[in-house]
């Protein structure tokens, strides 16, 4: 898992008759797994699009997929950067890039749906790709997450692949750029999907005995 979902602390219940002290597990809200899976799915979709390079009449049909990735990313990333449900800088490292990428995917969906010029969202996304590279190297530098090498490499590959999208679209007659971007993004997608599914596997076990506060208080009575 990227982040350990539990921390331990001492708590007491003071309902009037007796104060119970008991060591319990306290959960912080951790929906990072679905964010990582959404990122992996989005990168896989983008890689496949770049590899196929569909003709203009068929591009509109791809809009729904890009919209789905952007929408799910937006509704999960925005609360993360506002409420900070994860410990410390993990909210910055995962919430902020996810929000940026989500807006890029939504812009791509609108562009495909209305058959607009794709260079405009690609130019905006170029800076998001740089963002990913910076985050990736910083995770490696600080040894953050349970798997800093995998998380850092995932961000770096995502960024490098994203940086190639703008030139691949500009020099669209050169298939080599599109294929290179597609391959790099595909590898990044595999990394994020592996981390995301591994997180789901661990979270199901870690959260299996968690109780909401109301049930926890009732259990102590």
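The values are calculated or read from the model by the stated rules, or taken from the named source; none is laboratory data. Being a predicted model, the structure only gives us computed values, none of them experimental. Here the Cβ positions follow ideal geometry from the backbone for every residue, glycine too, while neighbour counts run over all protein chains shown.
Please go through region 160-185 and pick out each residue that is part of a loop (DSSP other than H, G, I, E, B) and touching a residue at least 24 places away in the same chain (Cβ under 8 Å).
Restricting attention to region 160-185, the residues satisfying the condition of being part of a loop (DSSP other than H, G, I, E, B) are 171-174.
Answer for region 160-185, where residues must be part of a loop (DSSP other than H, G, I, E, B) and touching a residue at least 24 places away in the same chain (Cβ under 8 Å): just 172.
Hey, can you tell me all the residues within region 56-91 that are touching a helix residue (DSSP H, G or I) at 6+ places or on another chain (Cβ under 8 Å) and free of Cβ contacts under 8 Å to residues at least 12 places away in the same chain?
Selection gives 84, 91.
Checking residue 125 against (1) over 18 Å from residue 66 (Cα atoms); (2) in contact (Cβ under 8 Å) with a residue 40 or more places away in the chain; (3) under 19 Å from the mean Cα position of the chain (by Cα); (4) assigned to a helix (DSSP H, G or I), only one condition comes out false. Which one?
(1)
Kindly indicate whether residue 188 is at pLDDT 95 or above, assigned to a helix (DSSP H, G or I), crowded, with 17+ Cβ neighbours inside 10 Å and in the same structural domain as residue 105 (by TED's automatic domain parsing). Spell out how you get there, then give the answer.
On the way: at pLDDT 95 or above: yes; assigned to a helix (DSSP H, G or I): yes; crowded, with 17+ Cβ neighbours inside 10 Å: yes; in the same structural domain as residue 105 (by TED's automatic domain parsing): yes.
It is true that residue 188 is at pLDDT 95 or above, assigned to a helix (DSSP H, G or I), crowded, with 17+ Cβ neighbours inside 10 Å and in the same structural domain as residue 105 (by TED's automatic domain parsing).
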